[in-house]
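Structure first, commentary second.
Each value in this text was obtained by applying a stated rule to the coordinates, not by laboratory testing. The structure presented is a predicted model; accordingly, all values stated were derived computationally and were not measured. Backbone-built Cβ (ideal geometry, glycine too); neighbour counts: all protein chains shown.
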Amino acid sequence: MILSKILKNTFLVIVFSLAVTACATKKTTTEVGKQDTQIQGDVYVGSDTVGELAKGVPDRVFFATNESILTTKSRDTLRKQAAWLRENTNVNVVIEGHADERGTREYNLALGERRANAAKDYLMTYGISADRISVISYGKERPVDPGSNPLSWSKNRRSVTVKAN
Amino acid sequence: MKIIKFLTFICIFFLSITSNSFSLIEVDITRGNLNPLPVAVSPLSQNNESKKIFKNQLNLEDLGLEISKVIENNLKKSGLFNPLSRDAFLQKPDIAHLKPRFEDWSLIKAQALITGKVLIENDRLKVEFRLWDVLAAREMLALAFTTVPSNWRRVGHIITDKVYERLTGEKGYFDTRIIYVSEEGPKTQRVKKLAIMDQDGFNTKYLTLGNELVLTPRFNPTNQMVTYLSYFRNLPRVYLLDIETGVQEVVGDFPGMTFAPRFSPDGKKIIMSFAKDGNSDIYTMDLENRIVERITNHPSIDTSPSYSPDGKYITFNSDRSGYQQIYLMKSDGSNVKRISFGNGIYGTPVWSPRGDLIAFTKLHKGKFYIGVMRTDGKGERLLTENFYQEAPSWAPNGRVIIFYRETKTDKKGEGFSAKLWSIDLTGYNERLVETETDASDPSWSSLLSN
């Protein structure tokens, strides 16, 4: 008798917790839904805020939280930048590295530096000489998007290639 | 700095009379204080002649009253004392200073009483004050000193320090300053300036004009020099600023970004990060012979270094484990060991001036915490939780921590602010530190006088 009562209770608990889990999952998907198209694997893939280094050459690449790894899309962008720079040998560039606001100031300065250098290294492997590229980290000091949400943060985790002359 | 030099203590004319077998009032500061000690700060008395001079020189109707307000404000903010309303005082300031009628003061529930006198003597401001134990009907402390009249707010801070020390047994932290970064403008284009103010928010001065980005100022042990990061000519480098002369110079000749500077406890070296080819390691530079030493050599980010008060150890944060964590090493870079093992990521370790604790910033599940741990990483205590806060800096007595906090913006990206806050080591008494503008990166000076 007692055993069956316990089993019955356990069953109720399981059913209840399943219901709760289901609700929670559903809620998360609806919230993220809108951003899904613009963030993939924590990296911004939209076109908002993206400028041009030259016609048809995007000026920036985006990073995942705490990461400086270049995504497939980032590498594609940087190859376009390298191709353009190979044809415009008189142009030097500055790569600005940035972080989002969700880290301590000093660590973010180092992280921005790491990101800018990841982009620089990639340009160099595509034939751009190191003395044409300088880097500067702004850490979290110069966000492009003032928002305090995952989409804004993803736009701010970036390195931007700008003409130096 | 002139302001610091001119202040001379002439004499200690009464030492507190210590009679044995008497239990005088004491304030325990090691716990959150739910019953702050009721204290009466009688306005410092002044004669008519001095009053005229104060009015002429300082444009103050009642200097004695103004100084007593400084003291009251300090005591109140400490969270340990409850200054009573002046309206209830029965005894006149000049008479109270000579011989308090203790019954009158105990009637209004005061347990401690501060009295004093200010006068002008040979163009100098002469100050006397006494601290009385009302219940024991005893004098606990009596001091006198002179200074230039324009320095009257510091008089209030020094008196508070003496009272605090006598009642708690610990050094005070009131005759101190805060250097910080003043912030203005939209979040995406902040204009930042170095600013310095008294610990209570008065006498704010701006040390840079805002033409270039400046970050993370820190005092040297004598409070005369500041090291900070400046983006002058778009070259982020560690700088040194002499507050007295205003002279600035870049620290060292590094072919890349230097950042996260702090002084060694003897003030002779600056410890900082240098980023080379994207990798940040910790270096020191001797300010006398300009010799640069590399302290860490690791492909991870090593930054935010802070010396132990004896200069033998360095704590810093590194992401060599994959995420930002706090490490400890000997000051030559040997014996590196990780000390933070809790959930989340840890940064900005700052060694307490007492040597026993390390304050830090922690990020866990989307919230930022200011906390403290012992130097072996054990005994972690989180003092405050918020959307974003970091950069703890210790008061010189190691009992209070100042830090900055940023607000979450709304859906339009508006409503951003950055403010300074302070909290006791107990986790109680969290307070907004008022500043003229938005503010971040606070650094607390040591005591200006001792």
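Under the combined filter of DSSP loop state and at most 14 neighbouring Cβ atoms within 10 Å, the range B:324-371 retains these chymotrypsin sites (Phe, Trp or Tyr not before Pro): B:F341.
For chain B, the relative contact order comes to 11 percent (Cα pairs under 8 Å, sequence separation of at least 6).
Computed from phi, the 3J(HN,Hα) profile of the range A:146-158 under the Karplus parametrisation 6.51, -1.76, 1.60 (θ = phi - 60°) reads x, x, 10, 8, x, 5, 4, 4, 5, 6, 7, 7, 8 Hz, with x in place of Gly and Pro. Among B:S300, B:S393, B:S42, the residue with the largest mean-square fluctuation in a Gaussian network model of chain B, with springs joining Cα atoms closer than 10 Å, is B:S300. Footprinting exposure proxy ranking of B:I53, B:I158, B:I291, fewest other C-beta atoms within 10 angstrom first, gives B:I291, B:I53, B:I158. Here the Karplus curve 6.51 cos²θ - 1.76 cosθ + 1.60, taken at θ = phi - 60°, turns the phi angles of the range A:42-58 into couplings of 6, 10, 5, 10, x, 10, 4, 6, 6, x, 10, 6, 8, 4, x, 10, x Hz, with x standing for Gly and Pro. In the protein assembly as shown, taking the dipole from charged Cβ atoms about the Cα centre, the farthest positive-side position among A:V94, B:L235, A:S154 is held by A:S154. Counting neighbouring beta carbons within 10 Å and listing from fewest to most, the residues B:V191, B:V127, A:V61 come out as B:V191, B:V127, A:V61. In plain terms, the residue of B:F316, B:F102, B:F387 with the fewest other Cβ atoms within 10 Å comes first and the most crowded comes last, giving B:F387, B:F102, B:F316. Under 5 Å from the amide H of B:T384 lie the amide H atoms of B:I370, each residue being 5 or more positions distant or on a separate chain, with H modelled from the backbone and absent for Pro and chain starts.
Calculated mean residue ellipticity at 222 nm for chain B: -4000 deg cm²/dmol, from DSSP H runs with n ≥ 4 weighted as -39500 (n - 2.57), summed, divided by the residue count and rounded to 500. Counting Lys and Arg as +1 and Asp and Glu as -1 over every other residue whose Cβ lies under 14 Å from the Cβ of B:V251, the net charge comes to 0.
The trypsin sites (Lys or Arg not before Pro) of the range B:293-330 meeting both criteria, a DSSP state outside H, G, I, E and B (loop) and at most 13 other C-beta atoms within 10 angstrom of the site's C-beta, are B:K312. About its Cα centre, the protein assembly as shown has a charge dipole of approximately 1180 debye under the convention of +1 per Lys or Arg Cβ and -1 per Asp or Glu Cβ, with nothing else charged. Working from label points 7 Å from Cα in the Cα-to-Cβ sense, the B:I53 to A:T125 distance is 7.7 nm.
Spin-label model, B:E436/B:S449: points 7 Å from Cα along the beta carbon direction are separated by 2.5 nm.
Counting only DSSP beta bridges whose two residues both lie in the protein assembly as shown, roughly 90 percent are antiparallel.
Neighbours of B:Q189, meaning other residues whose beta-carbon lies under 12 angstrom from its beta-carbon, give a summed charge of +1 when Lys and Arg score +1 and Asp and Glu score -1. Comparing mean-square fluctuations of B:S321, B:S440, B:S422 from a GNM of chain B with C-alpha springs under 10 Å, the top value falls on B:S321.
Springs between Cα atoms under 10 Å define the GNM used for chain B, and in it the highest mean-square fluctuation of B:P392, B:P93, B:P255 occurs at B:P255. Applying a DSSP loop filter and a limit of 16 other Cβ atoms within 10 Å to the chymotrypsin sites (Phe, Trp or Tyr not before Pro) in the range B:403-450 leaves B:Y428. Taking Cβ atoms as reference points and 12 Å as the exclusive limit, the residues near B:S443 contribute a net charge of +2, counting Lys and Arg as +1 and Asp and Glu as -1.
Quick check for me: using +1 on Lys/Arg Cβ and -1 on Asp/Glu Cβ, what's the dipole size of the range B:383-450 about its Cα centre, in debye to the nearest 20?
On the way: 7 positive and 11 negative charges, 21 e Å.
Computed about the Cα centre, the dipole is about 100 debye.
If R0 is taken as 56 Å, the Cβ-Cβ distance between A:N88 and B:I108 corresponds to a FRET efficiency of 0.10. Peptide A:110-119 has a mean shielding of 6, counted as Cβ atoms of other protein chains within 10 Å of each residue's Cβ.
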